[in-house]
Amino acid sequence: INHMIINLRNSNTFSKILRDLLHSVSWLEVREIKLPLEKKSLVQNSTRPLRIQKLTFKNALFTDKTISRTIVLLKEITSLKELEAIDCALEGTGLWNTQEIAMSGQSFVETVTIIKLMIRNFHLFVDLAGMESQIKNLKRLTIASSNVFMVPCKLAKNFLSLLYLDFHDNLLVNNRLEETICKDSWPSLQTLNLSQNSLKSLKQTAIYTSRLPKLKNLDISQNNFGEIPDNCDWPKNLTYLNLSSTQIPEVTACIPQTLEVLDVSANKLKEFGLQLPRLKELYLTRNQLKTLPGAAPMPNLVALSVRRNKLNSFSKEQFEGAQVGAVRLSLMECHSSLVVSLICILVFLLILLLVAVGYKYHVVWYLRMTWAWLQAKRKPKRALPKDLCYDAFVSYSENDSEWVENTMVRELEQACPPFRLCLHKRDFVPGKWIVDNIIDSMEKSHKTLFVLSEHFVQSEWCKYELDFSHFRLFDENNDAAILVLLEPIQSKAIPKRFCKLRKIMNTKTYLEWPAGEEQQLLFWENLKGALRS
C-alpha cells in the first residue's frame, strides 16, 4: 500500500496498528489521535524487511512526555525517512527527555515537515538544549505557520547536513534573525525560505544570509521591507532571489550580480535597468513599468514575465539583444480592444438567438405558466362549496362580448333560478393583480365556461387567461371546464401549447351554438344542465 490514512480516536491501538503496517505501507497518515505514552518497542514482532518510509500526523495532540518517547521509539524504524505533522497541537514548552533521546542513538529520518503546529505558550518554548546530536543527519526541515520567532545559535550550528530550510509564515524579525543565522550555523544549507515573516530591513537580512557559504536559493518574499539600500552583502553563490511583494519602490545595486533567477513581482517598480550578466529568468509581474527593461544588460536572459504592468509601446532598441525564442502572450493581451468588441458582438448575437428561440418555442408562455402554477400551488385545490360565489367564471374574447353579455348573460342570469356568472369586466376587483383576480375568480366559481371562437384563439387576452387556468382546471382531472363553440373551429387552429385544451376538444363533448331558434332552445337547456352538474 502506497498511502494509508487512518483515524484513531482510540490511541491505545496506535502502536499495535503501526506494528502491523510497518512492512506493508510506504506512507502512513494518522489522524485525530492523542498520542499515547508508549513503552513497548514499535518494531517488536514486526515482519521484516520494514517498508514504511513516511509517517504523517494530522490533527494530533502531543505532550512533552509523549513526543520524547515517540522520538526514541521511531528510531527503531530504520526505513523511516520522513516525518510530518500538520494541524497538530503540543501541550508543553519543549521540556523533553533529551538524555533518553540522546542515549537511544541516531535517527534515520532525513525530512521533517511541521505545518500549523499550535503551541499555546509558544513564547515560553525552551531552546531544546540536548537535541543537538539528533539533528546532524537531517537534510530537509520545514516549520511553517507555527509562530517560530528564532532558533538558538547553538542548535543552528548542529544542522550539519541540512540542505533545505523553510520557515515561511512565521514571526521572524531582523534582530532575532541574527541569532537564528549566526556565524557557522547551517553550514550546508543551499535553499532558505523566509517568506511571510516580519522582516523589515533588507540590508540586515542580506548581511545575515551572507553567513551561509553554500546558500544558492533565497526566498524573502512577502516581507514588508519598503525600501532597498544602494549596496548589500549577499552569499557569494546566490543564484535565485525572490523579492516579490516586499513593497520596494526600485531596484539598485543591492541586487547581487550572481543571480540567474530574480523575482521582483508585485512591487512598486517603475523601471528596471540593472546590469545582471548571468540572469536567465526575470519576473516583473504586477509592477508599474511603462517600458521594457533593456536587453543589453542581460545578455543571457531566456525568460521574461512582464504581465500586468503599464506597458503601452516598445522601441526597436529594446529588441536589439538576443533573438526572442518564445513569447507566450494570450490573445487578450495582444488585442484587448478587439477581443472585448468580439465578446460584446457574440453576447449580442447570443441574446438575439435566445429571443428568437424563445419566441418560436413560446418560452415566455411556459415561464408564465410555471409562475401561475407556483401561485396556484400556494392555494387549496378547490374552494369549499360554502365559499363558492359564482356558478361559472366566463372566459371569452372581447370580440365576442356582444353575444356573451347581451345574449348568454341575459339568458342565464334571468333564468329561474338565476345563475351567477363572473365576468372579468364586471366582477374583477379593481387594482388587484390580474393573476390573483383570475385565480381567485376561478376558485370561487363552480365551473369555468370557455366561449371558443376564432377570435378567442387569436386573442392575447384569452391566451393570457388560459395560461393561468390550465393548471387549476385541467390538472385536477375534474369536469369544471365547459366548452361552448360560438362558431365552428378546428382543433388544429388552437395553438399547440394548449395541449390539454386540444385534447379535451378531441375527447370531450362540447356545446355548439346553433343557427336555428328551436335548436337554440335545446342549447340553453343543455348549457344550464351542465352548469348545474
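Considering only protein heavy atoms and a 1.4 Å probe, what is the carbon-and-sulfur percentage of the accessible area of the stretch 3-247? If you can, show how the numbers build up before the last one.
Working: 5680 of 11560 Å².
Exposed carbon and sulfur together represent 49 percent of the surface.
Can you list residues from other chains, or at least 5 along the same chain, whose modelled amide H is less than 5 Å from the amide H of Leu452?
Here Val484, Leu485, Leu486 satisfy the definition.
Taking θ as phi - 60°, what are the ³J(HN,Hα) couplings along the stretch 350-357 by the Karplus curve (6.51, -1.76, 1.60), each to the nearest whole Hz, with x for Gly and Pro?
Once θ is set to phi - 60°, the couplings for the stretch 350-357 become 5, 5, 4, 5, 5, 5, 5, 5 Hz.
With every protein chain left in place and a probe of 1.4 Å, what is the accessible surface of Lys116, to the nearest 10 Å²?
110 Å²
Starting from the residue with the highest accessible area, list Cys88, Cys416 in decreasing order, probe 1.4 Å. It would help to have the intermediate numbers written out before the result.
Details: Cys88 5, Cys416 130 Å².
Largest accessible area first, the list is Cys416, Cys88.
With every protein chain in place, what's the accessible area of His123 (1.4 Å probe, Å², nearest 10)?
110 Å²
How large is ³J(HN,Hα), in whole Hz, for each residue of the stretch 337-346 in order, when computed from phi with the Karplus curve 6.51 cos²θ - 1.76 cosθ + 1.60 and θ = phi - 60°, using x for Gly and Pro?
Computed from phi, the couplings for the stretch 337-346 are 5, 5, 5, 4, 4, 4, 4, 4, 5, 5 Hz.
Return the long-range amide H neighbours of Ile114 (sequence gap of 5 or more, or a different chain), with a cut-off of under 5 Å between placed amide H atoms.
Ala85, Thr142, Ile143, Ala144
Ignoring ligands, DNA and RNA, how do Thr258, Thr448 rank by accessible area with a 1.4 Å probe, largest first? Each step should come with its number before you reach the end.
Numbers: Thr258 30, Thr448 0 Å².
Ranked list, largest accessible area first: Thr258, Thr448.
For Ala481, which sequence-distant residues (separation of 5 or more, or a different chain) have an amide H within less than 5 Å of its own amide H, given hydrogens modelled in the peptide plane?
Those lying under 5 Å, H to H, from Ala481 are Thr448.
Quick check: residue separation of Asn2 and Arg51 times 0.36 nm, minus the Cα distance between them. What number comes out in nm? Show your work: numbers first, answer last.
Details: separation 49, 0.36 × 49 = 17.64 nm, distance 0.99 nm.
Here the segment from Asn2 to Arg51 would lengthen by 16.7 nm.
Going by average Cβ density within 10 Å per residue, which order do the peptides 96-108, 19-31 take, highest to lowest? Display every interim value, and only then the final one.
On the way: 96-108: 15.1, 19-31: 17.2.
So the peptides 96-108, 19-31, ranked by packing, come out 19-31, 96-108.
The values are calculated or read from the model by the stated rules, or taken from the named source; none is laboratory data. Worth saying up front: this structure is predicted, and the values here are computed from it rather than measured. When we count neighbours, we look across all protein chains shown, and the Cβ atoms used for this are built from the backbone with ideal geometry, even at glycine. Side chains included, ligands, DNA and RNA excluded: accessible areas come from the protein's heavy atoms. Shrake-Rupley method; radii C 1.70, N 1.55, O 1.52, S 1.80 Å.
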